[in-house]
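Every number here is computed from the coordinates shown, using simple stated rules; none is lab data. Model, not experiment: these values are computed from the prediction. Note: ideal-geometry Cβ built from the backbone for every residue, glycine included; neighbour counts use all protein chains shown.
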Amino acid sequence: MTGRAKLSGIEPIRIASVTELVFAELYQRVVTLDLPPGSRISEADVAKQMGVSRQPVRDAFYRLSQLGFIEIRPQRATLVSRISTTAVLEARFLRTALEVETVRVACEKFGPDDLAVLDEILERQKAALEAGNKAEFHAIDDELHRAICIGSDLSFAWDLIQMQKAHMDRVRFLSLSFASEQAFADHVEIVEAIRSSDTARAVGSMRAHLGRIEGLIEQIRNDHAAFFKEAME
C-alpha cells in the first residue's frame, strides 16, 4: 500500500484583525492631533463610529494606554493623554541609541537596490513637502527610517523603535508646521552619507536629526501649552 504523502504546512495568510485596524486608526488620529491631548474618548462612541463591537475597541484602548497615549480611568471619562516632555526626551534618547547603530550597519550593507528604495521614498516625501501635506510627510518620514532598518537586516530594531517613539510622534507632527524643510534636508543628508559609506557622517547626521526635537520642544510648548502635561501641574 502506498503511504500517504506528507504535505508541508502552508503559512497562514495574515489578515489584520479588527483590533489592529481600530488601533491604527486611533493611533493616527492621536498623532495628527485629530484627537487632541486632553480630549475625551469613549469605547461606545468609537465602536459606533467605526461600525465594530466594543471588544476590539477595548483592546485597542489598552494598547494605546500602554503607549501612554490615553488614560483609562475606571468610572470616569477616558482621556487622550497630554504630552509629557520627560517622556519625549526619554524616547528620543532610546531611539537615537538604536538608529545610530542601525545607520552604522546601513553604511556597510546597503547596495544599489537598497539605495533605490531610499531615493524613491525621498521623492515622495519631497512631493508631500511641496504639497504641504503634513500627515503624508509624517508617514513617509517613518517609512524612510523603517527602510533603513529593513535594508540593514535589522527589522527587529524598527519594532523596538516603534515601541519607544510614540511619545515623540505628536511633537514631531506639531513641529512640521515650521521644521519640515529641515527634516527633509536631514533625510537627504543621511541617505547621501549611506550612499558614500561614510559611517562617521551618517552617524553624526542621524544623531543631529533625532536630536533636533530637544531644541524644538520649547517652541512647541509655548505655542501649544494646553497640550502638555507640565502645563497642567
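Just a few scattered comments:
- Springs join every pair of Cα atoms under 10 Å in this Gaussian network model of the chain, and among Lys109, Lys48, Lys134 the largest mean-square fluctuation is at Lys48.
- Whole-number Å³ per residue for the convex hull built on Cα positions in the chain: 180 Å³
- Scattering from region 18-80 was approximated by placing one identical point on each alpha carbon and applying the Debye formula without solvent; log10 I(q)/I(0) at 0.22 1/Å stands at -0.85.
- Shape category assigned to region 47-120 from the gyration tensor of Cα positions, a/c cut at 1.5: oblate
- For the residue pairs Lys134/Lys165; Lys126/Lys165; Lys48/Lys134, the C-alpha atoms sit more than 26 angstrom apart in Lys48/Lys134.
- Highest mean packing comes first when the peptides 89-101, 118-130 are listed by Cβ atoms within 10 Å, giving 89-101, 118-130.
- Taking every alpha-carbon pair under 8 Å whose residues sit at least 6 apart, the chain reaches a relative contact order of 25 percent.
- Signed unit charges on C-beta, dipole axis of region 85-232, positive-most listed residue Phe93, Val103, Ser180: Phe93
- Aspartates and glutamates whose Cα lies under 13 Å from that of Lys109, excluding same-chain neighbours fewer than 8 positions away: Glu101, Asp153, Asp198
- P(r) for region 177-218, from all Cα pairs and a bin width of 5 Å, is 5, 25, 30, 20, 12, 6, 2 %, short bins first.
- Arg207-Leu115 pseudo-label distance in nm [points 7 Å out on the Cα-to-Cβ vector]: 2.5 nm
- Shown for the chain are the DSSP H helices of 15 Å or more along their axis, judged by Cα atoms, with a mean Kyte-Doolittle hydropathy of at least -0.5: 18-31, 85-109, 112-131, 134-151, 155-195, 199-223.
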